[in-house]
Structures are given as C-alpha cells and as structure tokens.
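The values are calculated or read from the model by the stated rules, or taken from the named source; none is laboratory data. Everything numeric in this text was worked out from a predicted model, so none of it was measured. Cβ sites come from the backbone with ideal geometry, for glycine too, and all protein chains shown count toward neighbours. The accessibility values were calculated without ligands, DNA or RNA, using every heavy atom of the protein model including side chains. Shrake-Rupley method; radii C 1.70, N 1.55, O 1.52, S 1.80 Å.
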Amino acid sequence: MNILNWVSGPNGQIAGASAVATINLLMLSMSILLQRRNLRRGAYKLLNTGLILSLIHTFGIVPAAGLPAAADVGLGLLSFIIINFAMLELYTLPGKLDRLSLLAFAGGAAAAAALQWNAADLPAGGIGPGGITLRPLGLAGIVACALLLSIVLPRIRQKTKYALSLAVYFAFIIAASAHAPQDSLVGACIHILPALYFLFLFLILFERVVERMRSVYVSSIRDGLTGLFNRQHFLKKTRRYLSRGLPVSVIFCDIDNFKRLNDTQGHHQADLVLKQVAGIIIDETSGCGTAGRYGGEELVAAVARPDVKASDVAEVIRARVEAETPVTVSVGWSTVTDNLTIEETVKQADEAMYISKTTGKNKVTAFRPSRAKSS
C-alpha cells in the first residue's frame, strides 16, 4: 500500500478527522480562556459557537442521529461561516451591516441545505467540466468564499494566511464535488484539506493572541500619548545600564510655560507640543540611551555611552526644542556615582532643572551639590 492509498483510504479519513478535531479543540480551549479574560468577548463567543458546530460535524453526530447528509454538510458550512465572521470580529468592532451579513450568510446556508435535502435524488451526472456535481451546498460554499474574500480580507492583518485558508476551503468543495475514485488523489485531498484549512485558522488565531499580548505589554511600559517609556520602565532600563557597568547620566527636562499653553491654546495643541518635544528627546537618545515621561510635562532621558557627554545631549535637546517647537525647555542633568541610586540621580537632575527654571528658563544646568544646597 502506497502513501496515496493510505491517505485516501479509511486510515487517512480517520487521521484527517483526528487532526481536524485536535486543532478545533486547541482553538476552542484558547478561545474560551481569552473570552474569560474579557478580550473581544463577542468575537470569542462567536468563534466558540462555530468551533462547537465544527466538532459536531467532524464527529458525525448529525448522521448518527439519523438526519440526512444534507443537514450534516449544511452544519459544516454554517460553522465555516460563523468562524470566518468571528475572525473578522477579532480585528474590527462589528457594525449592523456585519451582523446582517452574518444572518444572511446563515440563512443562505440553511436554504441551500433545505434545497439539497429535497433534491437528494438528483442524478449522478455532473455539471461543469471534469465530472463535477455542484449541489446547492457546494454552490453556497463557493459563493460564501467569494463574498468573505471581499468582506473579511481587507479588514484583517493576516491577509496571506486568511486568503490561503479560503483557497483551501474552496479546493475542498471542488474535491468533494468531483466524480473520482475514493482511492485517488481527489480522495486524499478530501481527507487532508479540512485539516489544512483549520491549521491556517489556528495560525491566524495564535498570531492574533501574540499581537494582543505584545500590545498589552507595550501599553504597560510606554506612555500612550508620547510613546516614551513610563517612569517605572525608564528606571528599570536605566538600572539595567548600571548592571552592565555602563556610565549613566540622567537628563531632566521640563517644558516652560506649559500650563499657559494648555490654558490659552487647549489640550489638543498642548498634546501636540508634548509629542514634538518627546520626539526630539527620542531622536537624541537613540543609540546612546533611553527616554521616558516622568509625569505631566516632565520628560527624562538617560545617556549610557562613555563617548557621549550628557551635557552635549542636553544642550542639543534644548536647542532643537527652541528651534523646532513653539516652546522651550528648562533642563538639568546629573551623573550616577558609586554612592547614588538611579532615583537619587533623577532627583539631582530635577534639582538642576529647577535651577534652570528659576534663573531664566530655556537653559541647561549641571547638578552641583553646593549649588543645590544654596538654592
């Protein structure tokens, strides 16, 4: 017995069904866990429904209950439709048109199943080339593939995987409608293609979960407005520089007259200016350190390269902000020494910034203990 005979025979049928069931159960487990975490609950409820219907279809529960084959095939098509709309909802919030489309698709699948049930005694002769009989459910599946390609594909990120999944499902419909011996390549495709289709769906779901985890992680370490690291992560990264034995200096910037800007030009303009200043700080610390938002209009940077002077970086930041934005910044900086923590160094840089702020603004001041005490 060669591989083709094995795959197209009863063993291949069992192996294919087992693969489909396994992937379905993995996806269902993931979906239930994600639903319980309140992430896109509507999408995961829809996905759970589709996967459960698919498992009922895979395990042959409908034929075992004495219902006609058309009901079983219709259930498979319905699960296909529901799962695809769930994939859409993983990426977009559904509108009324999406809900109506889902109902229309489901109604079409039910109508096709009823039509095929009543036409179960159609002759075996095929329609179309190559001896293919496209019964109502087969035609409905092809129409669904075409419509889903236009409805879902433009609105999700994983376009290649999704397009391949629809192509595989389309190929399965054609293979299932072809007049060919069960031990042929067509018979093997009927057993293999469903597993391949669900494999693509699993990869889409898995990658979507990774995307969400990455998004949650990024939002936990970055300020949503400026893109700078938040205070906790800035301090963590700066401590990491120290653990590597790198010399670390902290630059503390405060936007001058920011409250007046907020009051006179509004929050939107103030936010734009804040993002501009943050972008300059990110530019100037790229490759030599990191930057963060310490709070409000207070922005910080860490310089951790022996060949880069914090005083030079601070002055470039001040000059660029003055030249490229409608505001100026008061800047202070300090260097970590053996008996100082990062938090203490940030406080020293803050004190130096305060001296800049109270002695004319728009200047850079280095921290000096005697100066800080006298002020």
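Among the candidates ILE32, ILE56, ILE52, ILE14, the residue that is surrounded by fewer than 21 Cβ atoms within 10 Å (Cβ to Cβ), in a helix (DSSP H, G or I) and out of contact with any helix residue (DSSP H, G or I) (no Cβ under 8 Å at 6 or more places or on another chain) is uniquely ILE14. When each of ILE221, ILE255, ILE282 is tested for being of a type in the set (Val, Ile, Thr), touching a His at 6+ places or on another chain (Cβ under 7 Å) and surrounded by 13 or more Cβ atoms within 10 Å (Cβ to Cβ), the lone residue that passes is ILE221.
For LYS275, state whether it is touching a residue at least 24 places away in the same chain (Cβ under 8 Å) and of a type in the set (Lys, Arg). Against the criterion (touching a residue at least 24 places away in the same chain (Cβ under 8 Å) and of a type in the set (Lys, Arg)), LYS275 qualifies.
Given the criterion surrounded by fewer than 16 Cβ atoms within 10 Å (Cβ to Cβ) and touching a Gly at 6+ places or on another chain (Cβ under 6 Å), identify the matching residue among HIS191, HIS179. Only one candidate qualifies: HIS179. From the set of residues in the stretch 35-49 that are in a helix (DSSP H, G or I) and of a type in the set (S, T, N, Q), which is farthest from GLU211 (Cα to Cα)? Step by step, filter the stretch 35-49, then rank; the result is THR49.
Looking only at residues of the stretch 334-358 that are open to solvent by 50 Å² or more (accessible area, probe 1.4 Å) and part of a helix (DSSP H, G or I), we find that the one that is farthest from GLN232 (Cα to Cα) is THR358.
Residues of the stretch 194-218 that are within 18 Å of LEU46 (Cα to Cα), under 17 Å from the mean Cα position of the chain (by Cα) and open to solvent by less than 30 Å² (accessible area, probe 1.4 Å): LEU201, ILE204, LEU205, ARG208, VAL209. Scan the stretch 35-49 for residues that are open to solvent by less than 10 Å² (accessible area, probe 1.4 Å) and charged (D, E, K, R) and the total you get is 0.
Among the numbered conditions (1) of a type outside the set (Asp, Glu); (2) within 22 Å of PHE229 (Cβ to Cβ); (3) surrounded by fewer than 18 Cβ atoms within 10 Å (Cβ to Cβ), the only one that PRO326 does not meet is (2). Take ILE23 and decide whether it is among the aliphatic types (A, V, I, L, M), within 30 Å of MET213 (Cα to Cα) and open to solvent by 40 Å² or more (accessible area, probe 1.4 Å). No; evaluated as a whole, the condition is false for this residue. Scanning the stretch 67-118 for residues that are farther than 22 Å from ALA163 by Cβ, among the charged types (D, E, K, R) and open to solvent by less than 30 Å² (accessible area, probe 1.4 Å) yields a single hit, ASP72.
One line per residue, one yes/no per condition, for (1) touching a residue at least 24 places away in the same chain (Cβ under 8 Å); (2) within 23 Å of GLY187 (Cβ to Cβ):
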{"site": "SER8", "(1), (2)": "yes, yes"}
{"site": "SER31", "(1), (2)": "yes, no"}
{"site": "LEU46", "(1), (2)": "yes, no"}
{"site": "THR49", "(1), (2)": "yes, no"}
{"site": "ILE56", "(1), (2)": "no, no"}
{"site": "PHE59", "(1), (2)": "yes, yes"}
{"site": "LEU67", "(1), (2)": "no, no"}
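Here is a list: LEU153, LEU147, LEU166. Which entry is open to solvent by 50 Å² or more (accessible area, probe 1.4 Å) and under 21 Å from TYR91 (Cα atoms)? Every option except LEU147 fails the conditions. Looking only at residues in the stretch 225-241 that are open to solvent by less than 60 Å² (accessible area, probe 1.4 Å) and assigned to a helix (DSSP H, G or I), the one that is nearest to ARG293 (Cα to Cα) is PHE234. When the stretch 285-319 is limited to residues that are more than 16 Å from MET353 (Cβ to Cβ) and among the acidic types (Asp, Glu), the one that is surrounded by the most Cβ atoms within 10 Å (Cβ to Cβ) turns out to be ASP312.
If the condition is being open to solvent by less than 40 Å² (accessible area, probe 1.4 Å), at pLDDT 95 or above and not small (Gly, Ala, Ser), then the stretch 259-279 contributes VAL273, LEU274, VAL277. Quick check: anything in the stretch 291-309 in a helix (DSSP H, G or I) and not hydrophobic (A, V, I, L, M, F, W, C)? Scanning the stretch 291-309, I find no residue that is in a helix (DSSP H, G or I) and not hydrophobic (A, V, I, L, M, F, W, C), so the answer is no. Could you list, in sequence order, all residues of the stretch 226-262 that are under 23 Å from GLU324 (Cβ atoms) and free of Cβ contacts under 8 Å to residues at least 60 places away in the same chain? Correct list: GLY227, LYS259, ARG260, ASN262.
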